[in-house]
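Structure record follows, encoded as C-alpha cells.
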Amino acid sequence: MPANDGSATPPSQPAVVRDAVLRWIVQGTLRPGDALPVEAVVARTGASADAVRDALGELAELGVARPDADGVVIADPTAHNMAETDEIRHILEDVAVRRFVQQATESQVGALRRSLEAVEEVAARPDPALEQLVRARDWFFVVMLRTAGLATRDLLRNLRSHAGLVMSLAVAGPGRPAEVVEELRAIYLALAARDAEAAIAACDRHRANSTDAGLKQLGNAT
C-alpha cells in the first residue's frame, strides 16, 4: 500500500466504484447479506466490467464483502466477531505502541506524522471519498505496526476477515472524518512524546469510537 493513498490525484475507476459501494451501504440501499453482481454495479456506475471486478475484489480483501459466483455478497458482521476483533486489536496495539515507544527512530516518527497528514488532507475535503479516507487511516496503522516490527499484511487481513465492513464504515457519518483525525492525532502525539500509556489509551478510544460509528452506520442501513 503506497504512503500517499490520501493524495489529491484523481481517483481511478475502481476507487470510484469502491466508494460508491460503501456509500450505498451507508445510505441503506445496499444491506449486509445482499448479493452484488458485477453487472448490477456496471449498470449503476457506468464503470467498465473490469474496473468493477477489481473494485469488488478489493472490497472482499478489505472484508467489506465476500466473493460470490457473480460478484460479491456484502458482509454481515456478528456481535461475536466484533468482540473478538476488538480484543485482538487491543492486544496488537498494546504491543505495537510499546515497541514503537522503545525503538522508533526520528525518521519513523516522521513517517507516522506524514501518514497523519494524509488523513488530515482527505478529511478536510468538502465531501471526502470514504474509500480514500479508509485507506489513509489504514496506512497510519500500517506505519505504526511496521515500525513495531509486526507483519502488517497478515494482521490486517485477519482483522478485516472478522469485521472489515464495520472498520470501513467507521469513517462515515456527519462529523466523523474530523473525529477520526482528532483520534489519530492523539495517538501520534502520545507516540511522538514516547508516552506508551497515553498512546494505548488513545488507541482504545479510537477503536471504541470506530466500532460505535461503524455499527451505527450499519444500523442506519438495516
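Structure above, values below:
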item: Over 22 Å [Cα-Cα, region 140-222], rounded percent; result: 30
item: Average Cα contact separation per residue, the chain, under 8 Å, 6 or more apart, as relative contact order %; result: 28
item: Potential extension, GLU87-GLU106 segment - 0.36 nm per residue separation minus Cα distance; result: 3.8 nm
item: Length released on extending from SER48 to ASP76, taking residue separation times 0.36 nm less the Cα-Cα span; result: 7.4 nm
item: Contour excess over end-to-end distance, with Cα ends at ALA178 and ASP212 and 0.36 nm allotted per residue; result: 10.7 nm
item: CD proxy at 222 nm, helix term only [per DSSP H run n ≥ 4: -39500 (n - 2.57); per residue of the chain; nearest 500]; result: -24000 deg cm²/dmol
item: Region 13-74: relative contact order in percent, alpha carbon pairs under 8 Å with at least 6 residues between; result: 40
item: Rg [Å, one decimal], Dmax [Å, integer] - the chain, C-alpha atoms; result: 17.0, 52
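Since every read-out is calculated from the coordinates, none of them should be taken as a lab result. As the structure is a computational prediction, the values presented were derived from the model and not from experiment.
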